[in-house]
Every structure is written in C-alpha cells, then in structure tokens.
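The values are calculated or read from the model by the stated rules, or taken from the named source; none is laboratory data. It should be emphasised that the depicted structure is a prediction, and the values quoted were computed from it without experimental measurement. Glycine gets a Cβ as well: all are built from the backbone with ideal geometry, and neighbour counts include every protein chain shown.
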Amino acid sequence: MEKADLVAIMPFATLCGIEVERADPAEVVGGMEWKPERCTAGGLLHGGALMTLADSIGALCAFLQMPPGATTATIESKTNFFRPLVKGRARAVSHPLHTGSRIVVVQTDIYDDENRRVAQVTQSQAVIKK
C-alpha cells in the first residue's frame, strides 16, 4: 500500500494534515506541521494535535502487523509530554512493542525539528478480524 493510501484510509488524519514519510512493519514515520490553528494559548501545538498524530501513526504501525483482512482500533493510549512544540514540524516515529493475535502494542515518539523528544505515546490496538 502506498504512503498516501495509508493516510487516506483515515479521513481524520488527512483532515489534520498528517503525512506519512516511511511505512513498514518495523517502523512508521510521519509528521504534522505546526500551524496557528492547531495551537493552544501561547502558540503551543495543542496536546490533542500531538495525540492525534501519535494515534494515527501508531495505528498505521499496528495495521501493518495485521493478518490479511483484519483491521485495528485503539483501545488504550497513554501520553507523556516533555516539552512544547512552538514551531516547525512534529515528527512521529512508531515501533511495535508487542504483536499478538488479539492486541498489538506500539510506542510512538514525537520529536521537534531539533530531534528533541516532545512526547511519547504507548497505545494498545485491538486486532479486529472481519
């Protein structure tokens, strides 16, 4: 599946301006640009925007672990914020931590343009067999 097709299966991610840079089962990398309309007070990129980025990139990482015909949905997510993002681009890097037959757990680290960790998200994704 092409990178643009991966984002297209998640309309909300497309609406939020999330782009995928690289995607394979071992690692998914994507990003979101800082924009004023995505900010909270003081020009800080909203935590919800960062969580949306992590959830989207993490979901793609989990999706790439699925057996044919299966899909995934987030069932738990935990976020730690370390520093604000006030300009540039948020880059998310997601890796699988556990790939089971019912649950996939991924970790997504979000970095700023200076490669400083902005946040870390660990999420559990249910394996949904159609």
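A few points about this structure:
- None of 49, 13 is at pLDDT 95 or above and more than 13 Å from residue 107 (Cα to Cα) except 49.
- Residue under evaluation residue 64, criteria (1) hydrophobic (A, V, I, L, M, F, W, C); (2) under 30 Å from residue 42 (Cβ atoms); (3) touching a Leu at 6+ places or on another chain (Cβ under 9 Å), criterion not met: (2)
- For the stretch 50-84, the candidate set comprises residues that are closer than 18 Å to residue 30 by Cα and part of a loop (DSSP other than H, G, I, E, B); within that set, the residue that is nearest to the chain's Cα centre (by Cα) is 64.
Residue-wise test of (1) under 26 Å from residue 127 (Cβ atoms); (2) touching a strand residue (DSSP E or B) at 6+ places or on another chain (Cβ under 7 Å).
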site	(1), (2)
43	no, no
73	yes, yes
78	yes, yes
88	no, no
91	no, yes
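- Members of the stretch 62-88 found to be within 28 Å of residue 35 (Cβ to Cβ), exposed (fewer than 15 other Cβ atoms within 10 Å of the Cβ) and either free of Cβ contacts under 8 Å to residues at least 24 places away in the same chain or out of contact with any Lys or Arg (no Cβ under 8 Å at 6 or more places or on another chain) (or both), listed by number: 73, 78, 80, 86, 87, 88
- Residues satisfying the stated conditions in the stretch 28-45, i.e. surrounded by 13 or more Cβ atoms within 10 Å (Cβ to Cβ), out of contact with any Pro (no Cβ under 9 Å at 6 or more places or on another chain) and either aromatic (Phe, Trp, Tyr) or not in a helix (DSSP H, G or I) (or both): 28, 29, 30, 31, 32, 33, 34, 39
- Screening residue 106 on (1) crowded, with 17+ Cβ neighbours inside 10 Å; (2) part of a loop (DSSP other than H, G, I, E, B) shows it passes everything except condition (2).
- Residue 8 vs. criteria out of contact with any helix residue (DSSP H, G or I) (no Cβ under 8 Å at 6 or more places or on another chain), at pLDDT below 95 and loosely packed, with under 14 Cβ neighbours inside 10 Å: no
- Lone qualifier among 106, 93, 28 - being hydrophobic (A, V, I, L, M, F, W, C), modelled with pLDDT of 95 or more, within 24 Å of residue 117 (Cα to Cα) and in contact with a His (Cβ under 7 Å, 6 or more places away or on another chain): 106
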